[in-house]
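Enquirer: Okay, here's the structure, questions in a sec.
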Amino acid sequence: MYSELHALKKRADEARRAVRQGYSQDAVVRALRADPYSIERFRGQAISDWVPEAPEKARVPRDADVVWALVRLWSKWAGEQEPNRQYWSNLVEKAQPVGSHAGRVQAKEPTQGGSHGAASNETEDPRLRSAIRKVFRLLHSCTQRGAPQIYDGIIRDWLGEDSDLLGQVIGYLSARQLIARSVKPNCLTFVPGMPNFELTEQGRTLGADPL
């Protein structure tokens, strides 16, 4: 859950900065207290607690409703489509310490992914899993050819009818440092990069399964 929240926060921050709009805990608090979120009890300190730069210092959020509002806001700021509510609710619930229970969020839409714990490099949803692996395979091919950058739109084109999963695919690969966002005037790009040799095995595998 930490990796997903951290990656989404980073995308929202960079997108705001790219259009010269401020990003701060105060801005988040003001936005969440207004419609359509109406989370009066949100504290800005919660962001530092949940997504500090040092993962080992992260605290697990207990209220899935509040996390859902924050995820919706950051997704909007990042220019991404509406996230999957059940997916984030599952992340919050599975992140809880043994014996505790997160606030549950009821949702009608189907799950689009599973939690990504320290020992898990794959997602449970077949469609999202296939989309991640397709994009990763093409990114690796571009890396081998020396491609300097890949635009969001190109990744969306690669996904085709699964383009609604763009934000989740980018978040998954960004959190694992397989791609890095580069901000330039009037455009957002992703630079293919594979620093984690053990995970990628030079692009031949993603997690434990061969591409």
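Enquirer: Identify all residues within region 43-78 that are farther than 19 Å from residue 174 by Cβ and in contact with a Lys or Arg (Cβ under 7 Å, 6 or more places away or on another chain); write none if there are none.
Expert: If the condition is that a residue be farther than 19 Å from residue 174 by Cβ and in contact with a Lys or Arg (Cβ under 7 Å, 6 or more places away or on another chain), then 49, 64, 68 are the ones that fit.
Enquirer: Here's another thing I want to ask about it. Say whether the condition of being in contact with a Cys (Cβ under 7 Å, 6 or more places away or on another chain) and buried (at least 19 other Cβ atoms within 10 Å of the Cβ) is met by at least one residue in region 142-156.
Expert: Just the residues of region 142-156 that are in contact with a Cys (Cβ under 7 Å, 6 or more places away or on another chain), to begin with: 150-151.
From what's left, buried (at least 19 other Cβ atoms within 10 Å of the Cβ): 150.
There is at least one residue in region 142-156 that is in contact with a Cys (Cβ under 7 Å, 6 or more places away or on another chain) and buried (at least 19 other Cβ atoms within 10 Å of the Cβ).
Enquirer: Please work out which residue is nearest to residue 174 (Cα to Cα), limiting yourself to region 18-33 and to residues that are modelled with pLDDT under 85 and under 20 Å from the mean Cα position of the chain (by Cα). Break it down into steps so the answer makes sense when it comes.
Expert: First, the residues of region 18-33 that are modelled with pLDDT under 85: 18-25.
Then keep just the ones that are under 20 Å from the mean Cα position of the chain (by Cα); that gives 18, 23-25.
Working: 18: 18, 23: 20, 24: 22, 25: 22 Å.
Filtering region 18-33 for residues that are modelled with pLDDT under 85 and under 20 Å from the mean Cα position of the chain (by Cα), the one nearest to residue 174 (Cα to Cα) comes out as 18.
Enquirer: Conditions first: (1) without any contact (Cβ under 8 Å) to a residue 24 or more places away in the chain; (2) farther than 23 Å from residue 84 by Cα. Residue 17 passes all but one, so which condition is the exception?
Expert: The single condition residue 17 does not satisfy is (1).
Enquirer: Search region 36-64 for residues that are farther than 21 Å from residue 93 by Cβ and pair each with any residue that is in a loop (DSSP other than H, G, I, E, B) when their beta-carbon atoms are under 7 Å apart and the residues are at least 6 apart or on different chains.
Expert: Hits for this filter: 52/58.
Enquirer: Being out of contact with any helix residue (DSSP H, G or I) (no Cβ under 8 Å at 6 or more places or on another chain) and either of a type outside the set (Asp, Glu) or loosely packed, with under 11 Cβ neighbours inside 10 Å (or both) is the filter; apply it to region 1-20 and report the residue that is farthest from residue 79 (Cα to Cα).
Expert: Step by step, filter region 1-20, then rank; the result is 20.
Enquirer: Would you please name the residue that is modelled with the highest pLDDT, looking only at residues in region 68-91 that are open to solvent by 40 Å² or more (accessible area, probe 1.4 Å) and outside any helix (DSSP H, G or I)?
Expert: 79
Enquirer: Pairs please, first residue from region 75-95 and more than 21 Å from residue 156 (Cα to Cα), second anywhere and of a type in the set (Gly, Ala, Ser) and surrounded by 17 or more Cβ atoms within 10 Å (Cβ to Cβ), Cβ atoms under 6 Å, 6+ apart in sequence or on different chains.
Expert: Partner pairs satisfying both residue conditions: 89/64; 91/115; 92/64; 92/102; 93/102; 94/115.
Enquirer: Given the structure, is residue 94 modelled with pLDDT under 85 and either surrounded by 12 or more Cβ atoms within 10 Å (Cβ to Cβ) or touching a His at 6+ places or on another chain (Cβ under 7 Å) (or both)? So that I can check it myself, show each step before the final result.
Expert: On the way: modelled with pLDDT under 85: yes; either surrounded by 12 or more Cβ atoms within 10 Å (Cβ to Cβ) or touching a His at 6+ places or on another chain (Cβ under 7 Å) (or both): yes.
Yes.
Enquirer: In region 161-180, which residues are at pLDDT 70 or above and not in a helix (DSSP H, G or I)? Break it down into steps so the answer makes sense when it comes.
Expert: Here is the first cut: in region 161-180, the residues at pLDDT 70 or above are 161-176, 178-180.
Matches in region 161-180: 176, 178, 179, 180.
Enquirer: Just to be sure I understand, how many residues within region 28-67 are in a helix (DSSP H, G or I) and open to solvent by less than 60 Å² (accessible area, probe 1.4 Å)? Break it down into steps so the answer makes sense when it comes.
Expert: Step one: filter region 28-67 for residues in a helix (DSSP H, G or I), giving 28-33, 45-50, 55-57, 64-67.
Filter once more, so that each one left must be open to solvent by less than 60 Å² (accessible area, probe 1.4 Å): 28-29, 31-32, 46-50, 64, 66-67.
Of the residues in that region, 12 qualify.
The values are calculated or read from the model by the stated rules, or taken from the named source; none is laboratory data. Treat the numbers as computed from the prediction; the structure is a model and nothing was measured. Cβ: placed from backbone, ideal geometry, glycine included. Neighbour counts: every protein chain shown. Surface areas here come from the heavy atoms of the whole protein model, side chains and all, with no ligands, DNA or RNA. Shrake-Rupley method; radii C 1.70, N 1.55, O 1.52, S 1.80 Å.
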